[in-house]
Amino acid sequence: MSEKKEYKVIGTRPIRHDGVDKVTGRALYGADFQIAGLLHGRVLRSPHAHARIVSIDTSRAEAYPGVKGIVTAQDLPDPADKVADLGEGAVNLKYLCDNILARDKVLYKGHAVAAVAATSPHIAEEACTLIDVAYEVLPPVLEVRQAMEPDAPLLHENLKTTSLGETADEPSNVASHLQYKKGAPEKGFAEADVVIEREFVTGTVHQGYIEPHNATALYNPDGHLTIWCSTQGAFTVREQVAEILQYPISKIKVVPMEIGGGFGGKISVYIKPVAALLAMKTGKPVKVLMNRTDVFEGTGPTPASYIRVKMGATKAGKVTAAEAYLAFEAGAYPGSPVGPGAMCIFAPYNIENVLIDGYDVVVNKPKTAPYRAPGATNAAFGSETILDELAERLEIDPLEIRLMNGAKEGDRRADGPIYPRIGYIETVEAAKQHPHYAAPNGKKHHGRGVASGFWFNIGLESSVTINVNVDGTINLVEGSTDIGGTRASIAMQAAEVLGIPAESVNPSVVDTNSVGYTAVTGGSRTTYATGYAAYEAAQDVKRQMIARAAKLWEVDEANVQFADGEFSCINGKEEQISFRDLCARLGETGGPVVGSGTVNPGGAGGAFATHVVDVEVDEETGKVEILRYTATQDAGKAIHPSYVEGQIQGGVVQGIGWALNEEYIYDAEGTMTNASFLDYRMPTCLDLPMIDTVIVEVPNPGHPYGVRGVGEVPIIPPPAAIANAIYDAVGIRMTELPMSPERLLKAIGTI
Amino acid sequence: MAKHPVSLTVNGDEHDLLIEPRKTLLAVLRDTIGLTGTKEGCSTGDCGACTVIVEGKAVTSCMVLGVTAAGKEITTIEGLASDGALHPVQRAFIETGGYQCGFCTPGFIIAAKALLDENPARTEEEFRHALGGNICRCTGYTKILEAVMQAAEEIRTTA
């Protein structure tokens, strides 16, 4: 894998196969789906952050003209305290069900309580106001440290802390405690000449996809249930709905419509089982749409966190020990991404002595969901800030200290894995050599910061089938929803194998009845794993086509070779036929050729990124202006460089939003006071410069073309890089996210 | 609720409709006429996904009642391509990779089109100001700006 390979399709920039559909308004997203006889559903949500449900009376709503059906948790099968495996780790089924429709308690403002299906969305909304719910309001717990106090109000009476395999006797809001240890941290700190320790706090942030959640369900009297929706994973929707409704998986068909962004937030189901229940109850198709406030209040954001990081280094700059304490808010039910946060913190460095403790803590906020490299951004904000401070104290260039301690092939991460060939050092070198890093930056209130990030990436299962057409094109059938150009990046991998242009592949993303199992579009796995499946399916086509050519020429298959889109006979006969011409002769040589590829690859190959940012701090207003931004990243092999750049730029800007503006702002009762795009301030193009990218290619040995997932890692460095730049500009270490004008002015002492 | 007779011209075609006065122009376009290319992202005028052109001006159609658009000329994303050819802005978005999920794209393309109709000779900074009402969560805007500037260049040189 070390030598540069020559490719014909890989590394080029063809136009996306769904390009025209998406610029002409023809692409159909979940809310665009129409079907005759459609009813409209609306969800009633809790006005309280923490309350016991005393009673629900739906009689007034049921009597309202136009109302066709109402469901509550009583319509869901009673979830025993059993654990369901949904492909992404075990999930407690009761928690999963209670988050769909609250049974005994509501655990956050916006928690779904009941739903109405009616002949119009207005009637459904009106009817929701006629459902009488009696609550016994309880005090809410809204912050992770408060929730960990021994006398904190409890969300779950039966939740007991699992700590390193042992379960506690008394209930607690701390769902679990994990620990990774390597070497002897105390000894490591004793060897250090400088030790720095700080506390960090990060706010709750939302993925902020522009398309709200949606679902349309149809129930047939023969028991078949169909759900059209926007999702990151149609098969995952099928699994979750089957578990929640205790319904046979083979009777559920999920049709993935186009999806308007997800970033991890469209994996868990919310209204899909509700639409299904309403469809079953009314016998009619039911469409349920969320509005923006529902999305903020009723779907999983990514957690707020409290973090302590301690690192020590010798005068020469060698980091001798590192410790982290990570307490993450899981939201209403256990399951924060503290595990990934613990895996990723310190991962760019080879540190001999490491101790990481992670706590998963429930609070009265929506159950958190993944958001682009979940957990890693929170964690890196702490570690990358401390490393910057170490470099400053030791008078070492911040990129230099990263090079000195950077992880390489053969080094072991604190959570266990030994790195295969990785490209971290290369990203730091690329940043160091970039003209940005050499550019002058001495103006008053201007500052420069750097930070790195790691995301492990995942493999998981994918399936692809390829149907060969008579005209030399192929139809590629896949199960990965395309959120940002993966039709192209997957099709290109099949095209490379078969020696045909990317345009000769017609990719289709199909429903769960029409392709083999495929896990979610998430974990930066789609171009890697579904691309791998496309590669395997194309290899299968190639093998079958070789057999056809052999049959045509009446030679042994071993005598047929395939190169550059041509089959030729290598022994005896002077025969040659192009892929295209052979496609026209499939009928006479045995019938159609259908290739298939299924994978569950283990070698996802980690992704590293190093960012450089210049900022200007306005000491009067507290505003931080991003002046220049350069992101370097190891893509392994960039299948479609434009779309890799797009992933990096998008991730960076989400990271900038997280760093400077975005947070859920709660009042004392637990109501989010900024649940709109006006008040939850995501970056607009006014807030940004052009984002410069450098793609580094250190091929991943775990993929035939060397692909590493690229989607997630770019969100990790920005908060720390910007904090370090702010320090460089005004000499203040910011330790709370977001670094909003208010926080900055307070830190500077202006207010 | 009583319905009102309203005539709208959408993408050059006249539509005689009976609509409830509470229905937004967005709902009329999507649900009554069936033009679902215009997207609903926030319903509060903050994200720009529902941008359409009314009498030459880009507006967020979720902030306009359908009945108030009576008699007006409206252009939606479905009306941009003509004679089977894409508008330069549409083509530029495809060529530069100016979208990822594509959900905010109709709004961006329509906003950019209105802008370029008015005056294609603008600086990057001016384009940033003019497109500040449209939110994209996927791209970080770099390739969107590149697309709009590429289209502006093409319109300027072919005008």
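For the range A:467-491: of the residues being more than 14 Å from chain B (Cβ to nearest Cβ) and within 22 Å of A:GLY523 (Cα to Cα), which is nearest to the chain's Cα centre (by Cα)?
So in the range A:467-491, the residues more than 14 Å from chain B (Cβ to nearest Cβ) come out as A:467-479, A:490-491.
Right, trim to within 22 Å of A:GLY523 (Cα to Cα) and you get A:477-479, A:490-491.
On the way: A:VAL477: 23, A:GLU478: 19, A:GLY479: 17, A:ILE490: 19, A:ALA491: 22 Å.
The extreme case among them is A:GLY479.
Counted as qualifying within the range B:1-81 are the strands (runs of 3 or more DSSP E) with 3 or more residues that are of a type in the set (A, V, I, L, M) and farther than 18 Å from A:HIS122 by Cα, namely B:4-10, B:51-54.
When A:ASP151 is tested against (1) surrounded by fewer than 22 Cβ atoms within 10 Å (Cβ to Cβ); (2) in contact (Cβ under 8 Å) with a residue 12 or more places away in the chain, only condition (2) is not met.
Within the range A:522-533, residues that are in contact (Cβ under 8 Å) with a residue 24 or more places away in the chain sit with their Cβ atoms under 7 Å from residues that are aliphatic (A, V, I, L, M) and part of a helix (DSSP H, G or I), at 6+ positions apart or across chains, in these pairs: A:THR527/A:ILE490; A:THR530/A:ILE490; A:GLY531/A:ILE490. The numbered conditions (1) surrounded by 21 or more Cβ atoms within 10 Å (Cβ to Cβ); (2) in contact with a strand residue (DSSP E or B) (Cβ under 9 Å, 6 or more places away or on another chain); (3) more than 7 Å from chain A (Cβ to nearest Cβ) are all true for B:CYS136 except (2).
Against the definition (part of a strand (DSSP E or B) and either of a type outside the set (A, V, I, L, M, F, W, C) or crowded, with 18+ Cβ neighbours inside 10 Å (or both)), how does A:ASP614 come out, yes or no? Please lay out each step first, then the result.
Values: part of a strand (DSSP E or B): yes; either of a type outside the set (A, V, I, L, M, F, W, C) or crowded, with 18+ Cβ neighbours inside 10 Å (or both): yes.
Yes: the conditions hold for A:ASP614.
Select from the range A:210-232 the residues that are open to solvent by less than 10 Å² (accessible area, probe 1.4 Å) and in contact (Cβ under 8 Å) with a residue 60 or more places away in the chain and list them in ascending order. Within the range A:210-232, A:GLU211, A:HIS213, A:ASN214, A:ALA215, A:THR216, A:ALA217, A:CYS229, A:SER230, A:THR231, A:GLN232 qualify.
Of the strands (runs of 3 or more DSSP E) lying entirely inside the range A:121-171, those containing at least 3 residues that are among the polar types (S, T, N, Q) are A:160-163.
Restricting A:ARG708, A:ARG743 to residues that are over 23 Å from A:PHE381 (Cα atoms) and not acidic (Asp, Glu) narrows the list to A:ARG708.
Considered as a group, the residues in the range A:353-368 that are among the hydrophobic types (A, V, I, L, M, F, W, C) and touching a Pro at 6+ places or on another chain (Cβ under 7 Å) include one that is surrounded by the fewest Cβ atoms within 10 Å (Cβ to Cβ), and that residue is A:LEU355.
Considering A:VAL624, A:VAL594, the condition of being in the same structural domain as A:ALA451 (by TED's automatic domain parsing), in contact with a strand residue (DSSP E or B) (Cβ under 9 Å, 6 or more places away or on another chain) and in contact (Cβ under 8 Å) with a residue 24 or more places away in the chain is satisfied by A:VAL624 alone.
Quick one: which of A:VAL497, A:VAL464, A:VAL509 is open to solvent by 10 Å² or more (accessible area, probe 1.4 Å), within 23 Å of the chain's Cα centre (by Cα) and farther than 30 Å from A:MET404 by Cβ? Don't jump to the end; show me each part of the working.
Details: A:VAL497 fails: within 23 Å of the chain's Cα centre (by Cα); A:VAL464 fails: open to solvent by 10 Å² or more (accessible area, probe 1.4 Å).
Checking each option against the conditions leaves just A:VAL509.
Is it the case that A:THR632 is assigned to a strand (DSSP E or B) and more than 14 Å from every other protein chain (Cβ to nearest Cβ)? When the stated conditions are applied, A:THR632 passes them. Of everything listed in (1) within 14 Å of chain B (Cβ to nearest Cβ); (2) crowded, with 16+ Cβ neighbours inside 10 Å; (3) assigned to a loop (DSSP other than H, G, I, E, B), the single unmet condition for A:ALA31 is (3).
The numbered conditions (1) in contact (Cβ under 8 Å) with a residue 24 or more places away in the chain; (2) open to solvent by less than 10 Å² (accessible area, probe 1.4 Å); (3) of a type outside the set (S, T, N, Q) are all true for A:ILE695 except (2). Pick from the range A:271-319 the residues that are open to solvent by 20 Å² or more (accessible area, probe 1.4 Å) and of a type in the set (Ser, Thr, Tyr): which of them is nearest to A:ILE252 (Cα to Cα)? Taking the candidates together, the pick is A:THR282. Filter the range B:12-26 for residues that are open to solvent by less than 50 Å² (accessible area, probe 1.4 Å) and either within 9 Å of chain A (Cβ to nearest Cβ) or closer than 28 Å to A:CYS685 by Cβ (or both) and give the result. Hits for the range B:12-26 are B:GLU20, B:THR24, B:LEU25, B:LEU26. Taking the range A:587-609 as the range and being surrounded by 16 or more Cβ atoms within 10 Å (Cβ to Cβ) and within 22 Å of the chain's Cα centre (by Cα) as the test, the residues that pass are A:VAL599, A:PRO601, A:ALA604, A:GLY605, A:GLY606, A:ALA607, A:PHE608, A:ALA609. Taking the criterion of being within 30 Å of A:ALA327 (Cβ to Cβ) and more than 14 Å from chain B (Cβ to nearest Cβ), the residues of the range A:196-228 that qualify are A:ILE196, A:GLU197, A:ARG198, A:GLU199, A:PHE200, A:VAL201, A:THR202, A:GLY203, A:THR204. Taking the numbered list (1) surrounded by 23 or more Cβ atoms within 10 Å (Cβ to Cβ); (2) assigned to a strand (DSSP E or B) in turn, B:PHE93 passes all entries but (2).
Pairing each residue of the range B:139-154 that is free of Cβ contacts under 8 Å to residues at least 40 places away in the same chain and more than 10 Å from every other protein chain (Cβ to nearest Cβ) with any residue that is open to solvent by 10 Å² or more (accessible area, probe 1.4 Å) and not in a helix (DSSP H, G or I), provided the two are 6+ apart or on different chains, yields C-beta distances under 9 Å for B:MET149/B:ARG122; B:ALA152/B:PRO120; B:ALA152/B:ALA121; B:ALA152/B:ARG122; B:GLU153/B:PRO120. Criterion first (under 22 Å from A:LEU28 (Cα atoms) and in a loop (DSSP other than H, G, I, E, B)) does B:GLY98 satisfy it? Answer is yes for this residue. Taking helices (runs of 4 or more DSSP H) as the structural unit, those lying wholly within the range A:636-751 and holding at least 3 residues that are within 14 Å of another protein chain (Cβ to nearest Cβ) correspond to A:641-660.
Quick check on my filter: what residues within the range A:14-58 are among the polar types (S, T, N, Q) and in contact (Cβ under 8 Å) with a residue 12 or more places away in the chain? Those that are among the polar types (S, T, N, Q) and in contact (Cβ under 8 Å) with a residue 12 or more places away in the chain: A:SER46, A:SER55, A:THR58. Listed by first and then second residue, the pairs with beta-carbon distance under 7 Å, at least 6 apart or on different chains, first residue in the range B:81-97 and modelled with pLDDT of 95 or more, second open to solvent by 30 Å² or more (accessible area, probe 1.4 Å) and among the small types (Gly, Ala, Ser), are B:HIS87/B:ALA81; B:GLN90/B:ALA81.
The values are calculated or read from the model by the stated rules, or taken from the named source; none is laboratory data. Remember, it's a predicted structure, so these values are computed and weren't measured experimentally. Cβ sites come from the backbone with ideal geometry, for glycine too, and all protein chains shown count toward neighbours. We work out accessible area using only protein heavy atoms, side chains counted, and drop any ligands, DNA or RNA first. Shrake-Rupley method; radii C 1.70, N 1.55, O 1.52, S 1.80 Å.
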